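Participant: I'd like to ask you about the structure that follows.
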Amino acid sequence: MLKVEHLTKVYGTGTVALQDVSFEVEDGEFLVIIGLSGSGKSTLLRSINRLIEPTEGRILWNDVDITALDEAGLRRIRREIGFVFQEFNLVERLPVLTNVLTGRLGYVPPWWSLFYYFPAQDRRRALDALEQVGLADRAHHRASELSGGQKQRVGIARALVQNPKMLLADEPVASLDPVLAHSIMGYLERLNQERGITILCSLHYLDLVQRYATRVIGLRNGRLVFEGTGDDIRHMTDEEFKQIYGEEAQRLGG
Amino acid sequence: MRIGKRLLAAVLSLLVPGLGHLLVGRVRRGLYIALGTGVLAGLTVFTAAQRARFPEEVYGLSAQVLLRLGLMAAFVWAALWLVYGALGRAVLRADAEAAELMAQLYTPGFVALGVLFFSLAGPRLLQTVLPADGERLLYGTILLIMGVLLALLWWWAARDAWQTAADAEPGWGGFIALVLVGTLVLGTRIVGIDLPKAIREYRETERILGDIFWPWRAAFDYEATELRATALVQAPCPPDATPPPVNQPQEGQPWVVVEPTCGDLSVRDSKGKLQYGTLLHIRGGGFVPGKIVKIKWENPIGNEFTPRGLGPTEIEVGPDGTFESELYIPDVVIPSFAQGPQIHKLHAVQPGALRFTGQLSREMKLALQAMLESIMIGLMATFTGMLWAVPLSFLAARNLTFTLRTSPQGLVGGVLGLVLGGAVGLQAAGRIADALGGLDAAPVSTAIVHFVLVTGAAVLGFRWLSRGLDALTQRMPPLVTDAVRYIGFALIGAALGWPLGLGYAHGILGIAWDPRDAAAIAPTLARVGAGLGALAWLGLARRWGQQGVVPIGQWIYTITRTILNVVRSIEPLIWGLVGVIWVGLGPFAGFIALTIHTVAALGKLYSEAIESIHPGPIEAVQSTGANRLQTIMFAVLPQVLPHFTAYSLYRWDINVRMSTVIGLVGGGGIGFLLIQWIRQVQYEHAGLAVWLIALTVSTLDFVSATIRKKIV
């Protein structure tokens, strides 16, 4: 179970990205975070595994305070939390397989990396993960040779080999076309339902939110302004919509 | 009133440029004008003063000469214009169409006429008005021009003051133009630009330049094909001498017969006058008809020379291949202790064509060897430099280093660990080095053991105690944490301030003071420095105690960058001097020089490559739980490797170029040979070196550019 308590992030420039955000996520939930660009979604997700250091507040993951962890503790926690990025963030010059294998870095002794060595077991695991996302035949291609959708599947495979209990996904489909978006979201849904991996995912498209979310929170200017279920989104009033997206926002097709 | 103030400003600025501006409140403008005028006037005075230092270079151009030149030019111009104008008017009257053509051609025609006239009559005319050394009128002209320019500048300043006093904002154009022209004019004198000299003396250097530009004859060995015949002569001729036998003419080969074969040497008396010795009759044959035969003398110890003033030494061979001549035995000094008969040789030599052997000359072989040495210096320096530059570049990359931070307590623990670890490492290294046999027996092992153990123990000490103290104080009451921070910071400040105080005493005060006085006050100043340092760091402790974070990465970044920049800004040639002092003349010194510079240059280039990578992959790899080393190996290195390779190749290219000149200061390689040959006035051989350098550098330039293009 993930508990976020009074989380605040103020950047060095004085920008307040998050302000006193608190919420809880039960194990096995598919939580979607919605909000405008710049509303603090990325900062929130990155604060949970401390890619960004929160300024105030606590993040409790199974009663361990992530914000208070030292380096070794952070390493142990991070390897249990997968992260999928909007821009995929693959190392373009490395082979697909190696990109997936970086998911095992939290488990292997650090000095092995001097020789780019991974045990055979990890390599098998990485190939399995590629198999699951349908890219086994691309294992030895350079990551830069893949299309956008394929790259994101590699990103998911990389998170998979971490053997994660939770997956953070920062707008994983924003750079993809609608068909690919559903395919990627399908992978996430399967992980959520078949393996019981908790998923925190920020999304732009409300139809995707309705389709996949078990729970939804909305951010606006760094504050939590909405909490509900996927069904709530379907039946959201204009007022609630404007609360999240601002007075000038127009609902399309709703 | 208003006019009065403007007038006052103008007059003041006429006295001291810019002063009037100060009066009317245009301080900055006034300072600029004062500065510009002052600098130009100062440079003019400096140049004028230089004249006294080179009295032989006084070529005055008097105002009178200038006036004559001006009058002459005006007169000639007026005359040309009149003639040309009359011509034009005549054509105009005659034909309208021709007049149109004339109008178009008027100006170019006039210029052409002027050029024609001056090229024909100009030199003669100039001679009549110029003093004898007319071409070198530079000096006086320059001072005259400067006088005019400065006067204009003063006038400009006054006019500017007059205008600005009325709140106008005149442009800077005139001022800038005057200062620029003045500076350029003075520049010709300070640089010593002397066009007549350059043109006149070029002719004398043509042969030398030719040697350098096309030195390839010196690259090969030639065999002199000469005809040579030798006869023996004994001198002096003691009564009991058994003179060498008289040669007999031999068919089919060159021969020379000398009679008698025994005689007296010529002697130079105390006044230096030559008393002739025995006259030798020389006959020869078997030589090429119509060509010259040279007579050479070889003394008993084997020195060959041409005997001067004793008879003909260059004789033309007759149509049948024979010649005849006479020669007095030369004045060879035979030491009194010389033993046995003194046998001299007379050679009749007919130089033939030089035969190309196809063998490389000794100098060419040397140059090739040295060239290889240079390339290797460049290669080794590049590789060694890369090894050091890679780790340094990680410290000098903003995006990697700035994430390094620690708590104030962590810093205290870290510094403590650094000192303790360093001390322990030093002790351990000392023991191991002693066991290995000490510095003299095993210098390299000693150095490596020290480097590894001391840095390793210091880094580990920093890490462990930094984390340890941080973790420890987190479980303590705040009072203890504060105490640790304040005491620790005060100690760090004192430790930093102490040497600063000492350095100030010896290094700064010691310059002007008697060194003993400086040494006497040093301990006191060290204590003052320590106290001030402690105070300053107590302030820092307060500040960082509130923030809870010390930006230690920023310090590492700044320190590394500063060192790299300083080292890089010192030219490899100067590092070459350091290398030569350190390890003596030779390629090793050049290697050291280039390595030092390469580390700094590549360190900067690499770190900038690191700073320009995509941050995304770093984030991704970090989020899997990777530590710093793993992040660098998987997210940073793959991204920067192509850039690193390109920069390293580029640097190799530079290093080979530099290694060809590092020899000029004694750093080995082809530069060493080049400077030697230049000093020995062997310009042909120097030319070989220059050619080899040019060929190597341009080849490498091409190769490295091609590879770089392939990689990036």
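Every read-out reported here was derived from the displayed coordinates using simple, explicitly stated rules and does not represent laboratory data. Worth saying up front: this structure is predicted, and the values here are computed from it rather than measured. Please note: Cβ atoms are built from the backbone with ideal geometry, for glycine as well, and neighbour counts cover all protein chains shown.
Participant: Let me check I've understood the local charge: for B:R6, count other residues with C-beta under 13 angstrom from its C-beta, Lys and Arg +1, Asp and Glu -1. What total comes out?
Facilitator: Within the 13 Å Cβ shell, the charges total +2.
Participant: Once amide H atoms are placed 1.01 Å from N in the peptide plane, what residues at a sequence separation of 5 or more from A:G57, or on another chain, have their amide H within under 5 Å of its amide H?
Facilitator: For A:G57, the qualifying residues are A:T8.
Participant: May I ask you to evaluate 6.51 cos²θ - 1.76 cosθ + 1.60, the Karplus curve with θ = phi - 60°, for each residue of the stretch B:249-264 and list the ³J(HN,Hα) values in order in whole Hz, giving x for glycine and proline?
Facilitator: x, 10, 6, x, 8, x, 9, 9, 10, 10, 9, x, 9, 9, x, 9
Participant: Now for a different question. Of the listed peptides B:610-617, B:473-480, B:682-689, what is their order by residue-averaged count of other C-beta atoms within 10 Å, with the highest listed first?
Facilitator: Descending packing order for the listed peptides: B:682-689, B:610-617, B:473-480.
Participant: While we're here: Among DSSP bridges having both ends in the stretch B:221-360, what percentage is antiparallel? Round to the nearest 5. Don't skip to the answer; put the middle values down first.
Facilitator: On the way: 35 of 36 bridges.
The antiparallel fraction comes to roughly 95 percent.
Participant: Let me know the mean shielding of A:110-123 by other chains, meaning the per-residue number of their Cβ atoms within 10 Å of its Cβ.
Facilitator: 2
Participant: Give the shape of chain B as rounded, prolate or oblate, defined through the alpha-carbon gyration tensor: a ≥ b ≥ c are the square roots of its eigenvalues, a/c under 1.5 means rounded, and otherwise the shape is prolate if a/b is larger than b/c and oblate if not.
Facilitator: oblate
Participant: Here is a further query. Find out how many positive minus negative residues lie around B:I375, taking Lys and Arg as positive, Asp and Glu as negative, among other residues whose Cβ is under 15 Å from that of B:I375.
Facilitator: For residues surrounding B:I375, the net value is -1.
Participant: Using +1 at the Cβ of each Lys and Arg and -1 at the Cβ of each Asp and Glu in chain B, identify which of B:A338, B:M476, B:V444 lies farthest towards the dipole's positive end.
Facilitator: Toward the positive end, the furthest listed residue is B:M476.
Participant: Here is a follow-up. Any idea what the dipole of chain A comes to, in debye rounded to 20, about its Cα centre with Lys/Arg Cβ at +1 and Asp/Glu Cβ at -1?
Facilitator: The dipole of chain A has a size of about 1000 debye.
Participant: Taking 30 Å as R0, compute the FRET efficiency from the Cβ-Cβ separation of B:Q474 and B:N399 and round it to 0.05.
Facilitator: The value I calculate is 0.55.
Participant: I want to verify a result. In a Gaussian network model of chain A, Cα cutoff 10 Å, which of these has the top mean-square fluctuation: A:G186, A:G12, A:G222?
Facilitator: In this elastic network of chain A, the residue with the biggest mean-square fluctuation among A:G186, A:G12, A:G222 is A:G12.
Participant: Right, something else. If amide H atoms are built 1.01 Å from N in the plane of the peptide, which residues on other chains or at least 5 residues away come under 5 Å of the amide H of A:F83?
Facilitator: Under 5 Å from the amide H of A:F83: A:L168.
Participant: Can you say what percent of the DSSP beta bridges in chain B, counting only those with both residues inside, are antiparallel? Round to 5.
Facilitator: 95
Participant: Grab the DSSP H runs of chain B that are 4 residues or longer, score each as -39,500 (n - 2.57), total them, divide by all residues and round the 222 nm result to the nearest 500 deg cm²/dmol.
Facilitator: When only DSSP H runs of four or more count, the value is -23000 deg cm²/dmol.
Participant: Then there is this: Which ³J(HN,Hα) values in Hz, rounded to whole numbers, follow from the phi angles of the stretch B:274-283 under the Karplus curve 6.51 cos²θ - 1.76 cosθ + 1.60, where θ = phi - 60° and Gly and Pro get x?
Facilitator: Rounded to whole hertz, the list is 8, 9, 5, x, 5, 8, 9, 9, 10, 10.
Participant: Using only the Cα atoms, what convex hull volume per residue in Å³ does the stretch A:148-254 have?
Facilitator: Spelled out: Cα convex hull of the stretch A:148-254, divided by residues, is 112 Å³.
Participant: Rounded to the nearest 5, what % of the DSSP beta bridges within the protein assembly as shown are antiparallel ones?
Facilitator: The answer is about 75 percent antiparallel.
Participant: Could you give the longest part of chain A that holds none of the GluC sites (Glu not before Pro) found in DSSP loops with at most 15 neighbouring Cβ atoms within 10 Å?
Facilitator: Working: sites that count: A:E26, A:E247, A:E248.
Value returned for the longest uninterrupted segment is A:27-246.
Participant: Can you give the three extents of the C-alpha atoms in the stretch B:277-356 along their principal axes, from longest to shortest, in whole Å?
Facilitator: So the extents along the principal axes, rounded to whole Å, are 45, 34, 21.
Participant: If you consider only alpha-carbon coordinates, what radius of gyration and Dmax does the stretch B:346-494 have, in Å?
Facilitator: In order Rg, Dmax, the Cα atoms of the stretch B:346-494 give 29.7, 110 Å.
Participant: Could I ask something else about it? Might you report the magnitude of the Cβ-based charge dipole of the protein assembly as shown about its Cα centre, with Lys and Arg at +1 and Asp and Glu at -1, to the nearest 20 debye? Working shown, then result.
Facilitator: Details: 84 positive and 80 negative charges, 375 e Å.
Here the size comes out at about 1800 debye.
Participant: Same structure, new question: GNM on chain A, C-alpha springs below 10 Å: top fluctuator among A:H182, A:H235, A:H141?
Facilitator: Highest fluctuation among the options: A:H235.
Participant: Less than 11 Å Cβ to Cβ from A:K41, Lys/Arg counted +1 and Asp/Glu -1: what total charge do the surrounding residues give?
Facilitator: Working: positive: A:R46, A:R220; negative: A:D170, A:E171.
That works out to 0.
Participant: Any idea what log10 I(q)/I(0) is at q = 0.19 Å⁻¹ for the stretch B:468-578, Debye with uniform C-alpha scatterers and no solvent?
Facilitator: Relative scattering, expressed as log10 I(q)/I(0), comes to -1.01.
Participant: I would also like to ask the following. How crowded by other chains is B:632-639, given as the mean number of beta carbons from other chains within 10 Å of each beta carbon?
Facilitator: The mean count of partner-chain Cβ atoms within 10 Å per residue comes to 5.
Participant: List the DSSP H helices in chain B whose Cα atoms stretch 27 Å or more along the helix axis and whose mean Kyte-Doolittle hydropathy is at least -1.0. Don't skip to the answer; put the middle values down first.
Facilitator: On the way: long enough: B:27-53 (38 Å, 0.65); B:63-94 (46 Å, 1.41); B:96-129 (42 Å, 1.00); B:138-164 (38 Å, 1.12); B:362-395 (49 Å, 1.09); B:408-436 (41 Å, 1.15); B:443-474 (46 Å, 0.96); B:478-503 (38 Å, 1.17); B:515-547 (46 Å, 0.23); B:587-611 (35 Å, 0.95); B:637-662 (36 Å, 0.27); B:683-711 (41 Å, 0.78).
Membrane-span-like by this rule: B:27-53, B:63-94, B:96-129, B:138-164, B:362-395, B:408-436, B:443-474, B:478-503, B:515-547, B:587-611, B:637-662, B:683-711.
Participant: Using per-residue counts of other Cβ atoms within 10 Å, averaged over each peptide, order A:152-161, B:72-81, B:518-527 from highest down.
Facilitator: A:152-161, B:518-527, B:72-81
Participant: Moving on to the next point. Given H placed on each backbone N at 1.01 Å, which residues far from A:V32 in sequence or on other chains put an amide H within less than 5 Å of it?
Facilitator: Placed amide hydrogens put A:C201, A:T214, A:R215, A:V216, A:I217 under 5 Å from A:V32.
Participant: Once you average over the residues of B:235-247, how many Cβ atoms of partner chains fall within 10 Å of each Cβ?
Facilitator: 0
Participant: Which one, A:Y212, A:V154, B:T37, projects farthest toward the positive side of the charge dipole computed for the protein assembly as shown from Cβ point charges (K/R +1, D/E -1)?
Facilitator: Of the options given, the answer is B:T37.
Participant: Cα atoms only, the stretch B:221-360: Rg and Dmax in Å?
Facilitator: Radius of gyration, then largest Cα-Cα span, for the stretch B:221-360: 16.3, 53 Å.
Participant: Report, in deg cm²/dmol and to the nearest 500, the calculated mean residue ellipticity at 222 nm for chain A, where each DSSP H run with n ≥ 4 adds -39500 (n - 2.57) and the sum is divided by the residue count. Provide the component values of the computation, followed by the final result.
Facilitator: Numbers: 9 runs with 85 residues, N = 254.
Helix contribution divided over all residues of chain A: -9500 deg cm²/dmol.
Participant: A follow-up question, please. Sorted from largest down, what three extents in whole angstroms do the Cα atoms of the stretch A:1-100 have along their principal axes?
Facilitator: Principal extents (Cα only, largest first): 42, 30, 28 Å.
Participant: Using the 2.2 N^0.38 Å rule of thumb for compact globular proteins, work out how the protein assembly as shown stacks up: its C-alpha Rg over that value, please.
Facilitator: Rounded to two decimals, the normalised Rg is 1.51.
Participant: Next question, about the same structure. Kindly write out, for the stretch A:157-174 in residue order, the coupling ³J(HN,Hα) from the Karplus curve 6.51 cos²θ - 1.76 cosθ + 1.60 (θ = phi - 60°), rounded to whole Hz, with x marking Gly and Pro.
Facilitator: Ordered by residue, 3J(HN,Hα) equals 4, 4, 5, 4, 5, 6, 6, x, 8, 9, 10, 9, 10, 9, 6, x, 10, 5 Hz.
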